[in-house]
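A short worksheet on the structure shown next.
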Amino acid sequence: MQVRLSSCILMTRVFVYGTLKKGQPNNYRMFDSSNGKAEFLASACTVQKYPLVIATKHNIPFLLDLPGQGSRVRGEIYKVDDEMLNFLDDFESCPAMYQRTLVKLEVEEWMGEEKPAAGSITEAFVYSTNTYQPDWPTLPCYGTMTHMETTGWSMRPESHKNRNNRKKIY
């Protein structure tokens with residue numbers, strides 16, 4: 001989903017559900033101007049259920065691309081410019097680890113300019129994965145990152161360098 005601003009800059013909507021959300025360890029990356037431009041728009045929930053699981057030895061949150069399974073997932077919608085979108089693609093190891101796909105979302109609270117009503121449906125890109133281990137769909141599913149914090153979710157310190165020599169923390 002792309003939005004054209006009056007300055008003719010094309011912005012893309014992205015839904016984040018894990019470490020990039022407010023209060024999570026990578027949220028600052030959304031506001032680091034060296035990564036591009038991002039603006040918080042809304043809190044929202046997926047219309048369909050998806051399995052949000054914690055996997056790998058590093059306890060990374062993964063949204064499995066299995067619509068109809070799991071739980072409705074709560075997160076945040078941001079509008080981002082092309083530079084930030086490229087950063088996020090690299091940060092999320094897209095397309096090797098995650099794939100950017102379009103998802104329908106139910107707005108919970110809109111803070112951006114457009115002001116759709118709570119309960120209205122919008123679309124945004126989400127980083128989900130279809131490249132997962134066979135046992136991942138059987139792992140416990142979560143609806144929000146806050147539930148994960150009590151399950152031993154942890155960060156992997158400085159484990160992945162991206163295109164600009166910035167380091168990714170899971």
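You will find that of Gly112, Gly36, the residue that is without any contact (Cβ under 8 Å) to a residue 60 or more places away in the chain, farther than 13 Å from Phe15 by Cβ and of a type outside the set (Lys, Arg) is Gly36 and no other.
When segment 71-120 is filtered for residues that are of a type in the set (A, V, I, L, M, F, W, C) and either assigned to a loop (DSSP other than H, G, I, E, B) or at pLDDT below 95 (or both), the ones remaining, listed by number, are Val73, Cys94, Ala96, Met97, Trp110, Met111, Ala117, Ala118.
Here's a check for you: in segment 37-90, which residue that is among the polar types (S, T, N, Q) and within 13 Å of the chain's Cα centre (by Cα) is surrounded by the fewest Cβ atoms within 10 Å (Cβ to Cβ)? Before you say what the answer is, go through the steps one by one.
Of all residues in segment 37-90, those among the polar types (S, T, N, Q) come to 43, 46, 48, 56, 59, 69, 71, 86.
Next, from what is left, pick out any that are within 13 Å of the chain's Cα centre (by Cα): 43, 46.
Numbers: Ser43: 18, Thr46: 24.
Within segment 37-90, the match that is surrounded by the fewest Cβ atoms within 10 Å (Cβ to Cβ) is Ser43.
Summed over segment 133-161, residues that are within 23 Å of Leu85 (Cβ to Cβ) and modelled with pLDDT of 55 or more total 1.
Of the residues that sit in segment 121-132 and are surrounded by fewer than 17 Cβ atoms within 10 Å (Cβ to Cβ) and β-branched (Val, Ile, Thr), which one is modelled with the lowest pLDDT? Give the steps one after another, and end with the answer.
Filtering segment 121-132 for residues surrounded by fewer than 17 Cβ atoms within 10 Å (Cβ to Cβ) gives 121, 123, 130-131.
Narrowing further to those that are β-branched (Val, Ile, Thr): 121, 131.
Details: Ile121: 95, Thr131: 92.
The residue in question is Thr131.
The values are calculated or read from the model by the stated rules, or taken from the named source; none is laboratory data. This one's a predicted model, so the numbers in the text were calculated from it and none came from an experiment. Neighbour counts are summed over all protein chains in view; Cβ atoms, including those assigned to glycine, are modelled from backbone coordinates with ideal geometry.
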